[in-house]
Amino acid sequence: MKLSVSARALAAGAVAAALLLTGGSLAGAAPAPAPSAAAAPDIPLSGVKAHLTQLQSIATANGGNRAHGRPGYKASLDYVKAKLDAAGYTTAIQQFTASGRTGYNLIADWPGGDTNQVLMAGSHLDSVSSGAGINDNGSGSAAVLETALAVSRAGYQPTKHLRFAWWGAEELGLVGSRYYVNNLSAANRAKIRGYLNFDMIGSPNPGYFVYDDDPAIEKTFKDYYAGLGVPTEIETEGDGRSDHAPFKSAGVPVGGLFTGASRTKTAAQVAKWGGTSGQAFDRCYHSSCDTTSNINDTALDRNSDAIAYAVWGLSA
Ligand code: TRP
Ligand code: CA
Ligand code: ZN
């Protein structure tokens, strides 16, 4: 059409004018931006939820749970490990004993980066014996897995070395993560620049809680949420009740996200986040109704993207 031809002519004229104004050459045009750290990808909610569907199937096929010492735990570990192996991770299973049964941590290293500066992200993969543990803690496990797979898809080569972990026997008292930390040499412990923990990040009546441990890690998560325009609060529901605690005790900077467990959402929290006041963040906490129905998709999506934002930003 005539209109589009003239629009093109105008656009061409604008380019010519810009070239004149900048000295007539493309090389002299607007300076190229300095190379900056790669932007974190959007983590697909569909990928995270596909992992939750698999963890639910594993529980259903194994007596309804994925608890320490039960077959559903090992099947969960094998599922996560196979995905990571296929994506190019170097994986290792660390065995320990708790309550007379064998437990397992899964550690996955992304080849590359400065191994003297390690950024870790992890979550507990075990459930309680009363249910499938889809919010607690399929949610964190699936989101960390999908973030690790996104690192592989992007061919991300950060400055720091990335290590992902799935802990066993958290529900018995942080047993797997404590075993890992206790078995690190002092030198290897000192190389860990940060540990990011994700335990219950898709609660059905969610709050947006950020751990207030290491200030730089806390700021990273707050910046992400500020960008979304979603207010956050400091995590206080049982400080130290998850796998970041052994790292923090050993002097490693820690941080993480949480959407709430058995505490009740207040009217003030509903005013900022929506949901139901006077009701628990997760009414199915540690119970048989912690299934794939026990997930708020918006919270899971935001927190998954926040994990990628922090993993990218803190490892650059
Ligand atoms: N870790 C607890 C569990 O798995 C849940 C929990 C309670 C929690 N308070 C927390 C997790 C604070 C993270 C932060 O049962
Ligand atoms: Ca997303
Ligand atoms: Zn739990």
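The table for this structure:
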read-out: Hits in region 155-171 - residues which are polar (S, T, N, Q) and closer than 16 Å to residue 87 by Cα; value: 157
read-out: Cβ pairs under 7 Å, 6+ apart, first in region 138-167 and farther than 12 Å from residue 315 by Cβ, second among the charged types (D, E, K, R) and assigned to a helix (DSSP H, G or I); value: 145/83; 149/83
read-out: Cross-chain or 6+ apart pairs with Cβ under 6 Å, region 262-277 first and free of Cβ contacts under 8 Å to residues at least 24 places away in the same chain and part of a loop (DSSP other than H, G, I, E, B), then of a type in the set (A, V, I, L, M) and exposed (fewer than 14 other Cβ atoms within 10 Å of the Cβ); value: 277/267
read-out: Number of the exception - residue 123 against (1) out of contact with any helix residue (DSSP H, G or I) (no Cβ under 6 Å at 6 or more places or on another chain); (2) surrounded by 24 or more Cβ atoms within 10 Å (Cβ to Cβ); value: (1)
read-out: Residue tally, condition away from ligand 2 (no atom under 16 Å from the Cβ) and either surrounded by 17 or more Cβ atoms within 10 Å (Cβ to Cβ) or among the hydrophobic types (A, V, I, L, M, F, W, C) (or both), over region 293-312; value: 1
read-out: Residue among 124, 68 that is under 25 Å from residue 187 (Cα atoms) and within 15 Å of ligand 3 (Cβ to nearest atom); value: 124
read-out: Residues being more than 16 Å from the chain's Cα centre (by Cα) and either part of a strand (DSSP E or B) or within 16 Å of ligand 2 (Cβ to nearest atom) (or both) - total across region 154-205; value: 5
read-out: Residue 293 vs. criteria among the hydroxyl-bearing types (Ser, Thr, Tyr), over 17 Å from residue 230 (Cα atoms) and within 16 Å of ligand 3 (Cβ to nearest atom); value: no
read-out: Test: residue in region 64-74 that is more than 26 Å from residue 289 (Cα to Cα) and either in contact (Cβ under 8 Å) with a residue 12 or more places away in the chain or out of contact with any Asp or Glu (no Cβ under 9 Å at 6 or more places or on another chain) (or both); value: no
read-out: Matching residues, region 126-157, being surrounded by fewer than 24 Cβ atoms within 10 Å (Cβ to Cβ) and within 13 Å of ligand 1 (Cβ to nearest atom); value: 128, 129, 130, 131
read-out: Condition met for residue 99 (surrounded by fewer than 19 Cβ atoms within 10 Å (Cβ to Cβ) and not aromatic (Phe, Trp, Tyr)); value: yes
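All of the numbers you see were taken from the coordinates with simple rules; none came from a lab. Given the structure is predicted, the values throughout are model-derived calculations rather than measurements. Methodologically, a virtual Cβ is constructed for each residue, glycine included, from the backbone with ideal geometry; neighbour enumeration extends over all protein chains shown.
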